[in-house]
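What follows is a short report on a single structure.
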Amino acid sequence: PRRLGKTSLLKEAMRRITEKRIVVYIDLFGCTNEKEICERITNAVINGAYTKIEKAVIAIKEFIKSANPTIVIGKEGIELRFEFCEKEKTLRDVLKMIQKITNKKNRKMVAIIDECQIIAEIEGLEAIFRSEIQEQNTVCYIFSGSKMHVLEVMIKDKTRPFYRQLRPFNLGPIPIEE
């Protein structure tokens, strides 16, 4: 059996706080561009915040004006795909959508972004994330990743947008109780 890792720990934390907040898990593993990141975030947030697909479609059309969403039935269930109208605005709209949903539902949210080092690998995304999430007061973000050196540079390099904006929490090996 696989050992207990960070994703298992994050999912257990999600399970424990779901009754108090909207909790979404966003896995960026495998994303190679801004469009894929927008789709992953939107799918996770909509699936976490809404129970009926028709409500979700209305919310997406209301909150994301810079892209045309398409619903696709795939191997993972119902998924959203985007056709960009204004590519530069879409990620900003997606991130703003998160705050708007929490306001509309009058509930706080925890958004866990796993493999977040991908944000650092695509030019300009760190700055967009920082500028949008720093204005949000009903969403708590947890950034998690597996490339420690990239994460450290993101928060310790004075030239980076997340410099001194995030609190690192290094999780060492988790002992297995016998």
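Here are the numbers:
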| read-out | value |
| --- | --- |
| Residues that are open to solvent by 70 Å² or more (accessible area, probe 1.4 Å) and at pLDDT below 75, drawn from the range 63-82 | 71, 73, 75, 76, 78 |
| Checking residue 135 against (1) part of a loop (DSSP other than H, G, I, E, B); (2) open to solvent by less than 70 Å² (accessible area, probe 1.4 Å); (3) modelled with pLDDT under 95, the condition it does not meet | (2) |
| Test: residue 115 is open to solvent by less than 30 Å² (accessible area, probe 1.4 Å) and at positive phi | yes |
| Checklist (1) open to solvent by less than 90 Å² (accessible area, probe 1.4 Å); (2) modelled with pLDDT of 70 or more applied to residue 57, failing item | (2) |
| Members of the range 1-52 that are modelled with pLDDT under 90, open to solvent by less than 50 Å² (accessible area, probe 1.4 Å) and part of a loop (DSSP other than H, G, I, E, B) | 5, 50 |
| First in the range 113-127 and within 19 Å of residue 142 (Cβ to Cβ), second anywhere and open to solvent by less than 30 Å² (accessible area, probe 1.4 Å) and polar (S, T, N, Q), Cβ under 9 Å, 6 or more apart | 113/144; 114/144; 115/144; 116/144 |
| Complete set of residues in the range 1-47 that are of a type in the set (S, T, N, Q) and over 13 Å from the mean Cα position of the chain (by Cα) | 7, 8, 18, 32, 33 |
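Matching residues to (1) modelled with pLDDT under 90; (2) touching a strand residue (DSSP E or B) at 6+ places or on another chain (Cβ under 8 Å); (3) closer than 21 Å to residue 67 by Cβ; (4) outside any loop (DSSP other than H, G, I, E, B):
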{"position": "88", "(1), (2), (3), (4)": "yes, no, yes, yes"}
{"position": "91", "(1), (2), (3), (4)": "no, no, yes, yes"}
{"position": "100", "(1), (2), (3), (4)": "no, no, yes, yes"}
{"position": "111", "(1), (2), (3), (4)": "no, yes, yes, yes"}
{"position": "130", "(1), (2), (3), (4)": "no, no, no, yes"}
{"position": "166", "(1), (2), (3), (4)": "yes, yes, no, no"}
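The values are calculated or read from the model by the stated rules, or taken from the named source; none is laboratory data. All of these numbers come straight from a predicted model, not from anything done at the bench. Neighbour counts run over all protein chains shown; Cβ positions are idealised from the backbone, glycine included. SASA here: full protein model, heavy atoms, side chains in, ligands and nucleic acids out. Shrake-Rupley method; radii C 1.70, N 1.55, O 1.52, S 1.80 Å.
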